[in-house]
Every structure is written in C-alpha cells, then in structure tokens.
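The values are calculated or read from the model by the stated rules, or taken from the named source; none is laboratory data. Treat the numbers as computed from the prediction; the structure is a model and nothing was measured. Ideal geometry is used to build each Cβ from the backbone, glycine not excepted, and the neighbour counts take in all protein chains shown. We work out accessible area using only protein heavy atoms, side chains counted, and drop any ligands, DNA or RNA first. Shrake-Rupley method; radii C 1.70, N 1.55, O 1.52, S 1.80 Å.
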Amino acid sequence: MLKRFDPAEITMTPFMFFTGKGGVGKTSTASALAITLADQGKKVLIVSTDPASNLQDVFKTELTNNISAIPDVNGLFACNLDPEEAARAYRERTIGPYRGKLPESVVQTMEEQLSGACTVEIAAFDEFTNLLANPEIHEEYDHIIFDTAPTGHTLRLLQLPAAWTDFLNESTHGASCLGPLSGLSAKKDLYANSLGALSDREKTTLILVSRPEASALAEADRASNELCDTGIKRQLVLINGVLKNELKGDSISEAFYRKQQKALCAIPAKLAELPLYAVPLIAGSLTGPQSLRKLFTKNQSESGIAQEKDRIEIPSLQAVLDDLHESNKNVIFTMGKGGVGKTTAASAIAVGLAEKGKRVHLTTTDPASHLTHIFGNEHSFGNLTISSIDPKYEVEKYRKEVLSRVSAELDEEAIAYIKEDLESPCTEEIAVFRAFAEVVARAKEEVVVIDTAPTGHTLLLLDAAHSYHKELERSTGEVPESVKELLPKLRNNKETEVVIVTLPEATPVFEAVRLQEDLKRADISPKWWVINQSFYALDTEDPILRGKAAYEKEWILKVKNELAKDLAVIPWLEDEQIGYSELLKIYEKKG
Amino acid sequence: MAKLEIFDPALCCATGVCGPSVDPELARVASALFFLEGKGFSIKRYNLGNEPDVYVNNPTVSKLLNEKGPDVLPLILLNGKAIKEGIYPTNEELASWFGVNAAILEAKKSSSSLL
C-alpha cells in the first residue's frame with residue numbers, strides 16, 4: 001500500500017521541479033503544493049512553462065510572464081513563461097530585421113531552422129535561468145515551484161564545454177540544437193549558475209509525477225534516470241489518481257481498481273527505490289484554491305455526480321474504420337503523445353481493415369518486445385503482416401553513420417558535441433521517419449498503417465533538404481529515394497490519413513492541438529481524432545469515476561465542436577488488447 | 001593572399017547531423033576548411049541561420065539572393081567575387097585557390113572519398 005502524500009513529511013527545497021508526461025497532473029499537484037506552502041506562511045512563486053498552461057484555469061486568474069499575486073491565497077505568486085512564445089520572440093529577433101531585406105523564400109528557410117523542438121527547449125531553459133540564477137528573484141521567495149522541468153538533452157547540451165567555445169562560430173560543425181544559444185554566449189555564467197542550482201541537493205527537488213499505469217510509470221522511470229545522470233539527484237515520485245477503494249459490485253470500478261493495483265505492483269525497480277507517494281483520484285477537475293487544498297488533505301468529500309441521462313452519442317472506432325476503408329486510404333498514421341494509445345489504435349485499425357479484406361501492413365515504433373506482447377511471435381495473420389521499427393536501433397545506426405564520418409577529423413570536444421546533438425528529438429524523428437519511408441516504399445500494393453507520424457517540422461526540413469539536394473544533383477548526403485516519394489504522398493489526402501489520438505483531458509487535448517497545427521504547417525490536415533480511454537460512455541455507479549466522466553465531457557465536446565473534422569471515442573477497457581482477436585473486440589464494445 | 005568566404009544556407013545544422021540526411025560533403029568541406037584555416041589562410045564561413053546580417057550587407061550576396069533565391073546557397077566568394085553558386089568547392093579548387101597541394105587535403109580525411 002502506497003503512502004499518501006503529505007507535504008508535512010517532506011523537506012521542501014527552495015526550487016521544486018515537477019516533471020511527467022502530459023495529463024498526469026503536474027499542474028494540479030504543483031499548484032496544490034504551492035498553496036499548501038503558502039498556507040504555512042511561506043512566500044511561494046509558482047511558474048508554468050507550459051505553452052498551453054492550465055495554471056490560469058486552476059487559479060482562475062489571468063497570468064502573464066510578469067509575476068503576479070494570486071488573489072485568494074496569501075503569499076502565493078505566479079507567472080506563466082511560455083517557451084514557444086519565447087522561441088517565437090527569439091526567432092523574430094533573429095529574423096525580423098531581415099524581412100524585406102532578404103527575399104521571402106530565404107527568410108522562410110531561416111525560420112524553419114529555428115522551429116525545432118530543441119529551440120523551444122533551450123528557450124524554456126533560458127526562461128528558467130532568470131529565476132534560478134537571479135538572486136533578486138530567488139531570495140525574495142522561500143520556494144519557487146516549476147510545473148515542468150528541463151529535459152536531460154537540454155541539460156547535457158548546456159554542460160558541454162563545446163557549447164560555449166568558439167568552434168561553434170568558427171566552424172560549421174555547429175548544430176541546430178544550439179542555434180538559439182549561439183547568440184546567447186553572454187549568458188554563459190548565468191547558465192552555469194542555473195545548472196549548479198539544479199544539481200544542488202539542498203536547493204532543488206525533482207518531483208516525478210506519474211499515474212498508476214504501466215506506461216506512465218515506465219516513462220517516470222526513464223525521466224528519473226536521465227535527470228539523475230545530469231545531476232538532479234534529489235527526487236521523489238507522486239503517483240497521481242490512485243483509486244483508494246473500488247465500489248464493490250460495480251464491474252467498471254472493480255476493473256479500474258484491479259488494473260491500477262496491478263500496475264503499482266509492477267513498478268520499475270529503480271523508481272521504487274525513490275520515495276513514493278500516492279495522490280488520490282479526485283472526481284472532476286481541480287480548479288480554485290479551495291478544491292486544490294483538498295488534494296493533499298485527509299478528508300475528502302466524495303460528492304457523487306449523477307449519471308447523465310441524455311448522453312451525447314459519439315461515433316466509435318468502427319466509424320473511423322469504415323471511413324478509411326471506403327475512402328481507400330493506403331497510408332495511415334496514428335499520431336499522439338506517448339501513452340495515449342497510438343499503438344492500440346493503429347493495431348485495431350490494421351486488424352479491422354484486414355478483416356474487411358484489405359492487405360495490410362502494420363509497422364510500429366514500439367520496441368519489438370511490446371509488439372510481441374500484442375501479437376506474439378507471429379508476423380502474419382491472413383491479410384495482415386507486421387514489422388517493427390526499433391527507434392533505438394535506427395538512431396544508433398544513424399549515429400554510427402555520422403560519427404564514423406567525422407570522428408577522424410574532429411577533436412574530442414567537437415565529437416562530444418555532435419554526439420549530444422545526435423541525442424536530440426529531431427534526430428530520432430528523422431532516423432525513424434527514414435525507416436518508415438522504406439517500409440512504405442516496400443509495400444506498394446498494401447495499406448500501410450504506422451503507429452506514429454512525423455511532425456510538421458521534420459517534414460519541412462526533409463522537404464527543404466530535398467529541394468536543396470535536387471539543386472546540387474549530387475549523390476552525397478542525399479535524402480533517400482523512399483523519403484522523397486513519401487513526402488508528396490503524405491500531402492495527398494486521397495492516399496494518406498493521419499489519425500490523431502488523445503485522451504479526454506486538458507493537457508493531452510492541448511498537446512494534440514499543437515501536433516495538428518504543426519502538421520498543418522506542412523500542408524497535412526488530419527481528419528479523424530480518436531479520444532481513447534474514455535469513461536464518458538461507460539455505465540458505472542462509482543462516484544469518482546462518474547465525476548471523471550463528467551469532467552471528460554467538456555473535452556470531448558471541445559474536440560468535437562472546435563478541433564476535429566470527425567471524432568470517435570474508444571471507451572476505457574480493462575484488458576490490454578493483446579492479440580488479433582482481442583483487437584477486434586474494440587469494435588464490439590459499445591462506444 | 002586569397003580571401004575565401006562561404007555563405008551557407010540555413011540548414012538544420014551544418015553537419016546535417018540532426019538534419020534530414022548525413023551530408024559527408026559538408027563534413028569534407030568543413031574539415032578541409034579547418035585545415036586551411038589552421039595554415040593561416042583567410043577563410044570566413046557564415047550560416048544564414050545565425051548571421052543573416054552578413055548576407056544582407058554584402059552587396060554581391062544580397063543581390064544574388066534577391067535574384068535567385070535560397071538555391072544560390074552555398075555561395076562561394078573568392079576575393080569578393082562570386083565564384084560558385086549552390087555547390088561547395090572541391091578540394092582541388094580549394095587547393096588551387098590557396099596554392100597548396102590538394103593531396104594535403106585528401107590525406108587528412110580518409111573517410112570522405114567522395115569527389
């Protein structure tokens with residue numbers, strides 16, 4: 001049995017970073033902790049760096065990048081630093097002066113270079129720096145709480161001496177991830193101070209927020225190891241959304257409870273060594289200081305919410321399947337952040353199309369073990385064939401290819417630098433995309449279903465490089481033929497469909513919005529959105545799960561009315577869909 | 001003494017490391033230039049992403065960019081004159097401009113036998 005999180009038992013450091021993937025409840029837990037500390041008479045600053053931050057909703061207060069007092073909580077202050085806005089501002093500072101001076105086509109190539117995930121990450125760190133290393137700010141507050149943390153990649157980049165030496169400017173061995181930094185070398189000392197504060201146990205605690213779900217716990221384990229390696233040693237884990245008791249006799253409630261307990265028993269060993277705490281599942285959304293105060297206190301009222309009588313009818317995955325079948329799409333991507341159920345959706349679509357008589361090839365980026373987990377060791381089921389792409393393997397192959405070319409020519413510092421650049425999210429995406437392109441090129445007569453989609457940024461980079469290399473008419477460093485063929489195919493909505501997968505909660509929906517906008521930059525408009533793991537359509541008497549369902553409605557309606565051309569919902573299911581016939585059951589359940 | 005200026009396009013990164021493809025051509029050029037710089041030759045290299053000023057303020061570069069767009073990059077200026085457009089110089093060209101033996105450049109990098 002997990003111990004319930006009680007802030008009184010924890011030593012509070014001046015800086016506290018919350019980390020965890022979208023939708024685990026970082027903002028709620030960070031806000032609740034901030035209020036708890038402020039109620040104790042501390043002066044607390046809470047900082048959000050999420051561009052789609054719901055900190056404003058949580059406190060019902062308009063927040064800007066200027067620090068402002070939270071009306072209902074004495075001693076609590078907040079600000080919202082938007083790294084995408086910071087990245088935009090940086091881009092505009094860099095590029096703005098050249099609009100009109102350089103042709104538009106040239107300006108566009110500059111913009112795309114500064115549009116990657118790394119630029120946003122570095123911009124976010126730059127925002128952190130002012131708070132971490134500026135004595136005027138951190139001496140004024142007893143605690144500064146961040147509702148997100150820098151990634152390991154960012155921290156390692158900044159730790160490299162190569163990031164700050166002249167070789168970046170003097171040679172072209174520079175790298176995209178440091179693009180935004182190249183103009184910021186004046187801040188070197190400030191960054192060093194920030195990194196120092198992060199690795200000081202007396203100053204900084206990393207709070208890993210997770211859920212009682214296998215994939216969320218695995219992700220927390222990964223983040224814990226990565227950030228520990230970069231020096232953030234003081235860590236604790238909050239497992240959010242734990243259902244304390246099942247409602248006996250309610251099959252949904254019992255199944256939900258069972259599934260959580262199973263995940264908690266199988267918690268990764270290294271994560272289990274950290275201090276672990278449970279935060280109970282709360283019915284509905286947490287907004288306003290009053291409801292947030294309850295999160296960490298013992299006595300929660302569990303006001304039940306009545307099952308809605310006139311539920312809105314939302315199509316099930318069957319509708320997606322029928323549409324994909326009738327419109328004869330032959331390249332289908334499912335896209336979404338980790339843990340939303342992309343692989344399950346892709347597998348179910350593949351199996352469904354195969355049952356309708358199509359020849360289907362399913363490929364996934366899940367490590368082989370997980371695919372084996374779903375389909376066993378079989379790679380062929382009637383009309384369906386399966387392959388898998390291991391991102392680690394693809395990136396490793398790519399890394400070796402690059403390093404073998406440069407290692408004879410560069411000094412150690414430069415090589416370390418390039419190695420770190422090869423750890424960037426863009427590198428992985430490109431390496432994996434190339435592998436996809438090969439699969440798609442091989443499978444000409446089949447429908448290809450792929451469990452992840454490239455981002456718009458990757459597509460635009462590939463496109464830029466394509467036209468660039470076409471000019472060169474050279475074979476060196478050329479974009480592979482398969483990739484060239486895939487690009488126009490992706491843009492052709494008669495052939496290709498991108499299905500966005502998300503969860504019926506604030507952060508996953510906002511993340512999906514960003515994915516969709518990014519794809520639109522590259523002229524790809526997703527049609528279907530699939531909301532996974534929904535309680536809305538389930539019949540349960542459990543008051544907490546009912547509350548969850550009521551909260552979901554808001555997001556389902558938002559997606560339906562504002563975001564998606566077409567929407568389907570997959571209800572929460574107890575069992576993982578293992579195996580061909582199990583996957584088909586997704587279509588049987590009433591959605 | 002010859003003065004060489006190279007105006008790169010705004011690629012994801014100059015090595016192509018985290019770009020869409022590994023470009024050994026860029027690695028070759030970079031190391032050849034490293035070597036020549038080490039010998040004290042006057043070589044300047046600019047990246048459109050980081051130093052757009054130089055592109056605007058150099059009348060030759062600015063004019064070509066406005067006329068032909070980004071495809072003119074990489075643009076090579078030798079003693080202020082555009083000598084190559086849209087392509088990097090070969091080791092032989094570099095050697096002849098600076099009056100060195102091309103073999104020196106080749107020997108430095110066994111891994112890029114691309115030209």
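With the checklist (1) part of a helix (DSSP H, G or I); (2) surrounded by 24 or more Cβ atoms within 10 Å (Cβ to Cβ) in hand, flag the one item A:Val47 doesn't pass.
Going through the list (1) part of a helix (DSSP H, G or I); (2) surrounded by 24 or more Cβ atoms within 10 Å (Cβ to Cβ), A:Val47 breaks only (1).
So which helices (runs of 4 or more DSSP H) stay within region A:229-315 end to end and still have 3 or more residues that are at pLDDT 90 or above and among the charged types (D, E, K, R)?
Helices (runs of 4 or more DSSP H) meeting the threshold: A:251-265.
Rundown of residues vs (1) without any contact (Cβ under 8 Å) to a residue 12 or more places away in the chain; (2) out of contact with any helix residue (DSSP H, G or I) (no Cβ under 8 Å at 6 or more places or on another chain); (3) assigned to a strand (DSSP E or B), yes/no style:
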position: A:Asp323; (1), (2), (3): no, yes, no
position: A:Asn377; (1), (2), (3): yes, yes, no
position: A:Ser387; (1), (2), (3): no, no, yes
position: A:Lys392; (1), (2), (3): no, yes, no
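So A:Phe436 ticks every box in (1) within 21 Å of the chain's Cα centre (by Cα); (2) over 16 Å from A:Thr334 (Cα atoms); (3) outside any loop (DSSP other than H, G, I, E, B); (4) modelled with pLDDT under 85 but one. Which box is left unticked?
Exception for A:Phe436: condition (2).
How many residues does region A:326-346 hold that are more than 21 Å from A:Val439 (Cβ to Cβ) and in a helix (DSSP H, G or I)?
Qualifying residue count for the region: 1.
Residue by residue through region A:538-558, note down the ones that are among the charged types (D, E, K, R), part of a loop (DSSP other than H, G, I, E, B) and open to solvent by 20 Å² or more (accessible area, probe 1.4 Å). So that I can check it myself, show each step before the final result.
Initial filter on region A:538-558 (among the charged types (D, E, K, R)): A:539, A:541-542, A:546, A:548, A:552-554, A:558.
Next, only the ones that are part of a loop (DSSP other than H, G, I, E, B) stay: A:539, A:541-542.
Within region A:538-558, A:Asp539, A:Glu541 meet the criteria.
Within region A:91-111, which residues are in contact (Cβ under 8 Å) with a residue 24 or more places away in the chain and either polar (S, T, N, Q) or crowded, with 21+ Cβ neighbours inside 10 Å (or both)? Lay out the reasoning, then the answer.
First, the residues of region A:91-111 that are in contact (Cβ under 8 Å) with a residue 24 or more places away in the chain: A:91, A:94, A:109.
Those that are in contact (Cβ under 8 Å) with a residue 24 or more places away in the chain and either polar (S, T, N, Q) or crowded, with 21+ Cβ neighbours inside 10 Å (or both): A:Thr94, A:Thr109.
Output the residue which, of all residues in region A:414-425 that are out of contact with any Leu (no Cβ under 8 Å at 6 or more places or on another chain) and open to solvent by 10 Å² or more (accessible area, probe 1.4 Å), is modelled with the lowest pLDDT.
The extreme case among them is A:Pro425.
Do you know which residues across region A:545-562 are of a type outside the set (A, V, I, L, M, F, W, C) and over 21 Å from the mean Cα position of the chain (by Cα)?
Step one: filter region A:545-562 for residues of a type outside the set (A, V, I, L, M, F, W, C), giving A:546-548, A:551-554, A:558, A:560-562.
Across region A:545-562, the qualifying residues are A:Arg546, A:Gly547, A:Lys548, A:Tyr551, A:Lys553, A:Glu554, A:Lys560, A:Asn561, A:Glu562.
Regarding A:Phe77, is this residue in contact (Cβ under 8 Å) with a residue 24 or more places away in the chain and open to solvent by less than 20 Å² (accessible area, probe 1.4 Å)? It would help to see each step written out before you state the result.
On the way: in contact (Cβ under 8 Å) with a residue 24 or more places away in the chain: yes; open to solvent by less than 20 Å² (accessible area, probe 1.4 Å): no.
When the stated conditions are applied, A:Phe77 does not pass them.
I'm trying to understand the selection: among the residues of region A:1-19, which are open to solvent by less than 40 Å² (accessible area, probe 1.4 Å) and closer than 18 Å to A:Gln260 by Cα?
A:Phe5
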